[in-house]
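The values are calculated or read from the model by the stated rules, or taken from the named source; none is laboratory data. It should be emphasised that the depicted structure is a prediction, and the values quoted were computed from it without experimental measurement. All Cβ positions, even for glycine, are placed from backbone atoms using ideal geometry, and neighbour counts span all protein chains on display.
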Amino acid sequence: MGLFHRGDAMLNKVILVGNLTADPEVKATPKGTYVANIGLATNTYMGKDEEGKAKQETEFHRLVAFGKLAEFAGQFLQKGRAVYAEGRLRTSSWEDTAGLKRSRTEVVLEDLKFVGAKPHETAA
């Protein structure tokens, strides 16, 4: 028998390690809860090209943090910073002003950690 059986709970877990594409955008809701929108770029090694140089594929991800995690992001994160991001996928759908159906998938953060030195620092 397999790990999951019909009716068992499912898993929605994402782990990304990459670099911030911009400074986090932090706002407060009317009730005072902080929300941070964060852009993250990740690279995947895709072998070597004809000249023997490494090929990479870059993906861009939208992350969202709430509460203390959003405050942390706003205070300490900046464009270029390498981070470890852990969370779950969430997809939102809506209709825009032109009547077109839109959707967006983002990672709702549960954990966020620094990886390595700040972009302008070098290891000693």
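Could you list all residues from the range 45-86 that are at negative phi and small (Gly, Ala, Ser)?
Matches in the range 45-86: 54, 65, 70, 73, 74, 82, 85.
Which of the residues belonging to the range 81-119 are within 18 Å of residue 35 (Cβ to Cβ), small (Gly, Ala, Ser) and modelled with pLDDT of 95 or more?
The answer is 85, 87.
Please identify the pairs in which a residue from the range 25-36 that is within 12 Å of residue 73 (Cβ to Cβ) has its Cβ atom under 6 Å from the Cβ atom of a residue that is at pLDDT 95 or above and polar (S, T, N, Q), counting only partners at least 6 apart or on another chain.
25/37
How do the pairs read when you match residues in the range 39-54 that are surrounded by 10 or more Cβ atoms within 10 Å (Cβ to Cβ) with residues anywhere that are of a type in the set (Lys, Arg), using Cβ under 9 Å and keeping only pairs 6 or more apart or on different chains?
Pairs that qualify, where the first residue is surrounded by 10 or more Cβ atoms within 10 Å (Cβ to Cβ) and the partner is of a type in the set (Lys, Arg), are 39/62; 39/79; 40/62; 46/55; 48/55; 54/48.
When the residues of the range 29-58 are filtered to those that are acidic (Asp, Glu) and in contact with a strand residue (DSSP E or B) (Cβ under 9 Å, 6 or more places away or on another chain), which remaining residue is modelled with the lowest pLDDT?
Looking at residues that are acidic (Asp, Glu) and in contact with a strand residue (DSSP E or B) (Cβ under 9 Å, 6 or more places away or on another chain), I get 49.
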